[in-house]
Amino acid sequence: MSEQSLDADLCVTDCERCPALAASRSRIVNGVGPADADLVFVGEAPGANEDSEGEPFVGRSGTVLDDALRDAGLARADVRITNCVRCRPPDNRDPKADELANCRGYLAEELARVDPELVVTLGKVPSQHLLDRSVAVTTENGELFDARVGDTSVRLLVCLHPAATLYDRSQADAFEETIGRAAELAGLADGSAGGQSSLGDY
Ligand code: URA
């Protein structure tokens, strides 16, 4: 299968499973990045910027994530970035249990097809959703677990949400360390993904 058709298969083009979200969204925000990425980041749900631009993590949280990726020797284009829920919950509220459940199959399908070395959950909501238990993200940040999403087994690294570093600067070092660990665990820490290493070409 070509990279393009695989990528199209990873996209949800129409969904009305959550009528309230379908009515309020501007668009469905699908995951971005290579369809064969070794490293997949899973966030909670699109916010206002993501809903308007159609891409996960493009607001301030996205800048924090991009900066930490760069410090770890990676470019955003080297990794896949997606969310538990693909439609923006209004007023930046957390996704509800039924919304997470309605969208879970899409994430399971995405992870099964991409088959990454490592999944990094950004924040409490995705960590709890994929580990199916309560998670204290500040204490479990940087810890590695096995998880099952649908029929797929994944290695999962719990990580603080990038926005946590904006509210509490003391969390920035811990966040950056975990992103660096993620790059190592996914086998990308030597720049083999072609991110920063390719900057030398310019
Ligand atoms: N926060 C998330 O969890 N996901 C996004 O896409 C943006 C911010």
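The values are calculated or read from the model by the stated rules, or taken from the named source; none is laboratory data. Predicted model only: the values in this text are computed from it and were never measured. Methodologically, a virtual Cβ is constructed for each residue, glycine included, from the backbone with ideal geometry; neighbour enumeration extends over all protein chains shown. Protein only, heavy atoms only, side chains kept; ligands, DNA and RNA dropped before computing areas. Shrake-Rupley method; radii C 1.70, N 1.55, O 1.52, S 1.80 Å.
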For the chain, treating each Cα as an identical point scatterer without solvent, what Debye log10 I(q)/I(0) comes out at q = 0.07 1/Å?
-> -0.18
Listed peptides 108-117, 131-140 by packing density, highest first (mean Cβ within 10 Å) | 108-117, 131-140
Phi-derived 3J(HN,Hα) across the stretch 168-173 with the Karplus relation (6.51, -1.76, 1.60, θ = phi - 60°), rounded Hz, x for Gly and Pro, is 9, 4, 5, 8, 5, 4
Label-point separation, ASP36 to GLU177 (7 Å along Cα→Cβ), nm = 3.5
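Show that you can apply the helix-only estimate: for the chain, add -39,500 (n - 2.57) for every DSSP H stretch of four or more residues, divide by all residues, and state [θ] at 222 nm to the nearest 500. Could the numbers behind the result be given before it?
Details: 9 runs with 81 residues, N = 202.
The per-residue figure over the chain is -11500 deg cm²/dmol.
Multiply the residue gap between LYS96 and ASP71 by 0.36 nm, knock off their C-alpha separation, and tell me the result in nm, one decimal place. If you can, show how the numbers build up before the last one.
Details: separation 25, 0.36 × 25 = 9.00 nm, distance 3.39 nm.
Between LYS96 and ASP71, full extension yields 5.6 nm more.
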Mind listing the phi-derived Karplus ³J(HN,Hα) values for the stretch 151-165, rounded to whole Hz, using 6.51, -1.76 and 1.60 with θ = phi - 60°, and x for any glycine or proline?
-> 8, 9, 8, 10, 8, 10, 10, 6, 9, 4, 6, x, 5, 4, 6
Between beta-carbons, use under 9 Å as the cut-off and find the net charge around PHE57, counting Lys and Arg +1, Asp and Glu -1.
-> -2
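Counting only heavy atoms of protein chains, what accessible area per residue, in Å², does the chain have with a probe of 1.4 Å? Mind showing how you got there, number by number?
Values: 9550 Å² over 202 residues.
Value for the chain: 47 Å² per residue.
Evaluate E = 1/(1 + (r/R0)^6) for ARG60 and ASP151, where r is the Cβ-Cβ distance and R0 equals 25 Å; express this FRET efficiency to the nearest 0.05.
Details: r = 36 Å, r/R0 = 1.42.
The calculated FRET efficiency here is 0.10.
Summarise the accessible area of the stretch 37-188 (1.4 Å probe, protein heavy atoms) by the percent that is carbon and sulfur. Mind dumping the intermediate values first?
Values: 2680 of 6350 Å².
For the stretch 37-188, the apolar C and S fraction of the accessible surface comes to 42 percent.
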Peptides 73-85, 171-183: what's the order by average Cβ count within 10 Å, highest mean first?
-> 73-85, 171-183
In whole Hz, what ³J(HN,Hα) sequence does the stretch 56-71 give by Karplus (6.51, -1.76, 1.60; θ = phi - 60°), x for Gly and Pro?
-> x, 6, 10, x, 4, 4, x, 5, 4, 5, 4, 5, 5, 4, 4, 4
